[in-house]
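Notes follow the structure.
The values are calculated or read from the model by the stated rules, or taken from the named source; none is laboratory data. None of the values given here were measured: they were computed from a predicted structure. Cβ sites come from the backbone with ideal geometry, for glycine too, and all protein chains shown count toward neighbours. Accessible surface is based on the protein model in full, side chains and every heavy atom, while ligands, DNA and RNA are left aside. Shrake-Rupley method; radii C 1.70, N 1.55, O 1.52, S 1.80 Å.
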Amino acid sequence: EAQVTQNPRYLITVTGKKLTVTCSQNMNHEYMSWYRQDPGLGLRQIYYSMNVEVTDKGDVPEGYKVSRKEKRNFPLILESPSPNQTSLYFCASSLSGQGAYGYTFGSGTRLTVV
Amino acid sequence: QKEVEQNSGPLSVPEGAIASLNCTYSDRVSQSFFWYRQYSGKSPELIMSIYSNGDKEDGRFTAQLNKASQYVSLLIRDSQPSDSATYLCAVGAGGSYIPTFGRGTSLIVHP
């Protein structure tokens with residue numbers, strides 16, 4: 001089944017404790033992206049990747065890191081999480097980044113930082 | 001700044017009626033347009049894409065695009081309670097790596 005897999009689905013952590021949210025897709029998509037979704041603010045892009053070893057900042061990159069060492073994986077790293085990073089996170093992938101193709105989204109990760 | 005505007009709603013329609021969801025965008029060079037459905041607490045799901053002016057039908061869903069007016073809409077015929085969700089409009093400009101999402105319209109279909 002074609003899908004984007006995120007883990008974990010739920011995560012509660014403490015301020016300052018490094019964490020990684022994993023994302024993997026099995027569709028050989030070139031383009032991958034991370035979004036956070038907050039009430040009233042909609043989907044906001046954190047980082048995106050056009051292909052292996054090619055990443056760039058989205059609208060809200062502060063406090064996040066990403067890497068794309070393999071085509072299928074695009075982990076999101078929070079080096080020192082803070083309470084304002086409490087949010088619902090989605091990983092998404094697309095055949096290409098040219099804007100012509102829609103996204104397939106992962107199931108989401110609900111992160112709470114206390 | 002590229003903007004995609006949607007009425008947040010909620011839009012409430014009776015079961016069996018036509019639900020009409022609207023979206024306007026600011027970037028005149030936009031070339032691809034998408035509608036996503038998102039149930040509460042779930043991930044967005046792509047339901048329609050449209051690239052040229054006019055109508056595109058898929059089952060009970062019809063997407064309408066008017067590039068001159070910078071307007072895209074989604075019609076849902078014979079609305080069902082299971083259609084109750086938030087509908088996100090997304091617009092991608094040619095060559096852009098960052099599609100712009102609207103904040104979504106909440107649709108409630110009541111029996």
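Remarks
- Considering the range B:1-17, the residues that are more than 15 Å from residue B:86 (Cβ to Cβ), in contact with a Ser or Thr (Cβ under 7 Å, 6 or more places away or on another chain) and not acidic (Asp, Glu) include one that is nearest to the other protein chains (Cβ to nearest Cβ), namely B:2.
- When residues in the range B:43-66 are screened for being in a loop (DSSP other than H, G, I, E, B) and modelled with pLDDT under 95, 2 of them pass.
- Of all residues in the range B:64-106, exactly one satisfies the criterion of being farther than 27 Å from residue B:41 by Cβ, within 10 Å of chain A (Cβ to nearest Cβ) and open to solvent by 50 Å² or more (accessible area, probe 1.4 Å), namely B:97.
- Output for the range A:77-114, where each listed residue is part of a loop (DSSP other than H, G, I, E, B), open to solvent by 50 Å² or more (accessible area, probe 1.4 Å) and not acidic (Asp, Glu): A:80, A:86, A:95, A:98, A:101, A:107, A:114
- Tabulated pairs, the range B:98-111, first more than 12 Å from residue B:74 (Cβ to Cβ) and charged (D, E, K, R), second open to solvent by 50 Å² or more (accessible area, probe 1.4 Å) and outside any strand (DSSP E or B), C-beta under 9 angstrom, 6+ apart or interchain: B:103/A:40; B:103/A:41; B:103/B:8
- Of the residues making up the range A:6-40, those that are open to solvent by 60 Å² or more (accessible area, probe 1.4 Å) and under 15 Å from the mean Cα position of the chain (by Cα) number 6.
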